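This report refers to the structure that appears directly beneath it.
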Amino acid sequence: MGHPNRERGCLQGDRREYKDFLSHYRLTLTLCHRHLQTKYNFGTAPWLGWERVTRVPIQPSLVDFSLLSKEETQWLKAHNAQAIAEVMPLLSRTGDENARKWLKKQAL
């Protein structure tokens, strides 16, 4: 994670699940903070916002939607839609049909 006085810093979190000794999955999300321009300040400290760096959708079959709030579900839908919109053109250039099919299935 970046030093608090620097303009930008990043953090990465991941979760790993092991179903047996041979198969597992890993979810990773990288976020970078950036200073926000706001109407009001808290003293001289800047407000920080988060910018997603990860551009891979979160696979819906790995999510227990009953545990998510309405806002969290909307965030997940927006994240996957943005990831699909940004990654799909790259896959179209490479001609990877299997990857495009998988990516389309991640839309919520």
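The values are calculated or read from the model by the stated rules, or taken from the named source; none is laboratory data. What you see is a predicted model; the values in this text were computed from it and never measured. Ideal geometry is used to build each Cβ from the backbone, glycine not excepted, and the neighbour counts take in all protein chains shown.
Things worth noting here:
- GLU51 being closer than 16 Å to LEU108 by Cβ, of a type in the set (Asp, Glu) and under 14 Å from the mean Cα position of the chain (by Cα): no
- Inspection of region 37-46 identifies at least one residue that is under 26 Å from GLN74 (Cα atoms) and at pLDDT 75 or above.
- Candidates are the residues of region 54-64 that are in contact with a strand residue (DSSP E or B) (Cβ under 7 Å, 6 or more places away or on another chain) and surrounded by 11 or more Cβ atoms within 10 Å (Cβ to Cβ); the one that is modelled with the lowest pLDDT is THR54.
- Some residue of region 71-80 being touching a residue at least 12 places away in the same chain (Cβ under 8 Å), part of a helix (DSSP H, G or I), touching an Asp or Glu at 6+ places or on another chain (Cβ under 9 Å) and of a type outside the set (Gly, Ala, Ser): no
- In region 81-106, the residues that are free of Cβ contacts under 8 Å to residues at least 12 places away in the same chain and either touching a Pro at 6+ places or on another chain (Cβ under 7 Å) or of a type in the set (A, V, I, L, M) (or both): ALA85, LEU90, ALA99
- Matching residues in region 81-108 - criterion: being in contact with a helix residue (DSSP H, G or I) (Cβ under 9 Å, 6 or more places away or on another chain), assigned to a helix (DSSP H, G or I) and either at pLDDT below 85 or more than 17 Å from VAL53 (Cβ to Cβ) (or both): MET88, LEU91, SER92, GLU97, ALA99, ARG100, LEU103, LYS104, LYS105
- Odd one out for LEU67, checked against (1) exposed (fewer than 12 other Cβ atoms within 10 Å of the Cβ); (2) closer than 24 Å to HIS33 by Cβ: (2)
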